[in-house]
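Here the structure is laid out as structure tokens; the discussion comes afterwards.
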Amino acid sequence: MVEYFENIVKILSRYWYTFLVTGVGYTLLLSLITVAAGSVIGVFLCLGRMAKFKPLNWIVIAIVEVVRGTPMLLQLYIGYFLVPKLLPFSVPDIVSVGVALVINSACYVSEIFRSGIQAVDRGQTEAARSLGLSGSETMMRIVLPQAIKNILPALGNEFVTIIKETSLASTFFVGELMTSYLIVKGNTYLTMECLLIVGVLYFVLNFVLSKLLGVFERRLKTSD
Amino acid sequence: MIKTENLHKSFHLEGKKEPLHVLRGVSEHVAKGEVVSIIGPSGGGKSTFLRCLNMLEIPEEGKIFFEGVEITNAKVDINLHRQKMGMVFQHFNVFPHLSVKGNITLAPVLLKKKTQQEADDMAMDLLSRVGLADKANEHPSRLSGGQKQRLAIVRALAMEPDVMLFDEPTSALDPEMVGEVLDVIKGLVKTGMTSVIVTHEMGFAREVSDRVLFMDDGIIAESGKPEDLFQHPQNARTKEFLSKVLY
């Protein structure tokens, strides 16, 4: 037991930069970009899903179902090999993998938005339209503000999920926290100790994040 | 002011092959300043007819004219005409994310009928008329059902409509709150506001209406002055309905 702790201290004193700066940094960067871009694209997918133009609905449904029905790791592989082929210039691996992560997240976010919008009572739309608001004014001023409040917990969960799922990107050695583990384990042969360090770091990241989201939600509730 | 010609509307229910034919040719004319109540059994088409008047339901057949304009024409900008038709719903439908005052001022300001300052002043004036001035900055979740419905009424009035449509305004209220809402509507009707009221409150319909329509099975089965229709109904179905609800 004592030996473990001694090893962990030794590893951290030598490789702290690899774990705390490179690993945590890339994990946070990749997650933030995925959530931000995924949310924006997700809103568009959601609007496409709910548009009056039926073929657009079908296209979005097809994309969402395929993404939800295939493993994340497979999607990352496809992104890793496909994105460089589609682009005329070369991109770092993290971008290819990131594109796959963003598309995956966008699909889940679009479903979250859709459920949030549909949970707003139809009467709200009718009341707004009866006052003379147009369809888009009703969406922007009446439906979306209520929908966003409804879906914040689910969006927060999606953020936490993404942080954990970026670990799959280590398959392609893109530098995030799980890649740090692979590197340090390869140098030290201390598997358990490295796993423990990475596990604690993931947990702290997600625990702090979900507490922050909780504070944010309570603030929104009191403004009700 | 509002004229309908031969309105037809059916709903396609999930799991049922036959569509439900709710309106089967409704032709009616509501004159300026007239107060018309619509009574009749549930499922008779009262609410659907009312909701067609501002095109919340789009009739499959027939025409609706509002102030001389055919609003069933797809080329007409229905949003402009809806601004002149206030509507009050059974379930209030106040906006929970806005303050009481915000509920009232949103539409007039957004649709550029008033500046924020003018709208605020008018909102306070309207709220004091219905006894809610002290709630102006509260959120609707703090209001009782009766207060919500009074708010919904002044929200519609803030657009300075030419006609008010009431869709069972007291059906979702606790019994002790029905009176306060009916009083507001009575006060409004006295000012000469053209109104169409779908209601189950027979005493109220009799008191405020210039004319009462009895709707059953998708048509207006009988129409007349309240004293005639309530005391000397001609139609067999009107008689049967009234014998069940008046005792």
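Quick rundown of the values:
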read-out: Highest to lowest packing among B:144-152, B:39-47, scored as the average C-beta count within 10 Å; value: B:144-152, B:39-47
read-out: Angle in degrees between helix B:236-245 and the longest Cα principal axis of chain B, rounded to the nearest 10; value: 50 degrees
read-out: Simple label model, 7 Å out from Cα along Cβ direction - B:Leu80 to A:Tyr17, nm; value: 7.0 nm
read-out: Amide hydrogen neighbours beyond the local backbone of B:Gly25, cut-off 5 Å, H modeled; value: B:Leu7, B:His8, B:Lys9
read-out: In order through region B:123-129: 3J(HN,Hα) via Karplus (6.51 cos²θ - 1.76 cosθ + 1.60), integer Hz, x for Gly, Pro; value: 4, 5, 4, 5, 5, 5, 5
read-out: Cut-off under 5 Å, modelled amide H: who pairs with B:Glu57 long-range; value: B:Cys52
read-out: C-alpha long axis of helix B:145-157 to longest principal axis of chain B, angle in °; value: 90 degrees
read-out: Backbone N under 17 Å from the A:Thr171 label point (7 Å along Cα→Cβ), restricted to region A:70-95; value: A:70-84, A:93-95
read-out: Rounded percent of accessible protein surface that carbon and sulfur make up, the protein assembly as shown, 1.4 Å probe; value: 60 percent
read-out: Partner chain coverage, peptide A:117-124 - average Cβ within 10 angstrom; value: 2
read-out: Descending semi-axes in Å of region A:2-223, equivalent ellipsoid built from Cα gyration tensor; value: 40, 23, 12
read-out: Per-residue SASA entry for B:Asp174, accessible area with 1.4 Å probe, Å² rounded to 10; value: 80 Å²
read-out: Nearest 10 degrees, 0 to 90: helix A:54-69 Cα axis against chain A principal axis; value: 20 degrees
read-out: Spin-label model distance (nm) - A:Leu86 vs A:Ala51, 7 Å beyond Cα toward Cβ; value: 1.8 nm
read-out: Long-range HN-HN contacts of B:Gln90 with modeled amide H, under 5 Å; value: B:Asp167
read-out: Residue-level accessible surface for A:Ile197, protein heavy atoms, 1.4 Å, Å²; value: 10 Å²
read-out: B:Ser99-A:Ser134 pseudo-label distance in nm [points 7 Å out on the Cα-to-Cβ vector]; value: 2.9 nm
read-out: Where a label projected 7 Å from the Cα of A:Ile148 along Cα→Cβ would reach, residues of region A:92-125 with amide N under 14 Å; value: A:113, A:117
read-out: Geometric extent, Cα atoms of chain B - Rg, Dmax (angstrom); value: 18.3, 55
read-out: Nearest-0.05 FRET efficiency for A:Leu28 and A:Met192, computed from C-beta distance (R0 25 Å); value: 0.50
read-out: Under Karplus coefficients 6.51, -1.76 and 1.60, residue-wise ³J(HN,Hα) of region B:48-57 in Hz, glycine/proline x; value: 4, 4, 4, 6, 6, 4, 10, 6, 5, 10
read-out: Pairwise FRET efficiency - B:Gln234 versus A:Val215, Cβ, R0 = 45 Å, nearest 0.05; value: 0.10
read-out: Rg/Rh (Cα only; Kirkwood hydrodynamic radius) as it applies to region A:122-202; value: 1.41
read-out: D_trans [Stokes-Einstein, Kirkwood Rh over alpha-carbon pairs] for the protein assembly as shown, 10 °C, 1.306 mPa s, µm² s⁻¹; value: 60 µm²/s
read-out: Mean Cβ neighbour count within 10 Å, used as a protection proxy, ranking A:118-129, B:213-224, B:73-84 highest first; value: B:213-224, A:118-129, B:73-84
read-out: Calculated [θ] (222 nm, deg cm²/dmol) that DSSP helices of n ≥ 4 give over the protein assembly as shown, each run adding -39,500 (n - 2.57); value: -18500 deg cm²/dmol
read-out: Cα gyration tensor shape of region B:44-114, rounded if a/c is under 1.5, else prolate or oblate by comparing a/b with b/c; value: oblate
read-out: Under Karplus coefficients 6.51, -1.76 and 1.60, residue-wise ³J(HN,Hα) of region B:29-42 in Hz, glycine/proline x; value: 9, 9, 7, 4, x, 7, 10, 10, 9, 10, 10, x, x, 4
read-out: Computed E for B:Met124/B:Lys32 - FRET, C-beta separation, R0 35 angstrom, nearest 0.05; value: 0.75
read-out: The protein assembly as shown, accessible area per residue, ligands and nucleic acids excluded (1.4 Å, Å²); value: 50 Å²
read-out: Overall Cα dimensions of region B:111-211, principal axis frame, Å, largest first; value: 40, 30, 19
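The values are calculated or read from the model by the stated rules, or taken from the named source; none is laboratory data. A quick note: this is a predicted structure, and the numbers were derived from the prediction, not measured. Backbone-built Cβ (ideal geometry, glycine too); neighbour counts: all protein chains shown. Areas reflect the complete protein model, heavy atoms only, side chains present, ligands, DNA and RNA absent. Shrake-Rupley method; radii C 1.70, N 1.55, O 1.52, S 1.80 Å.
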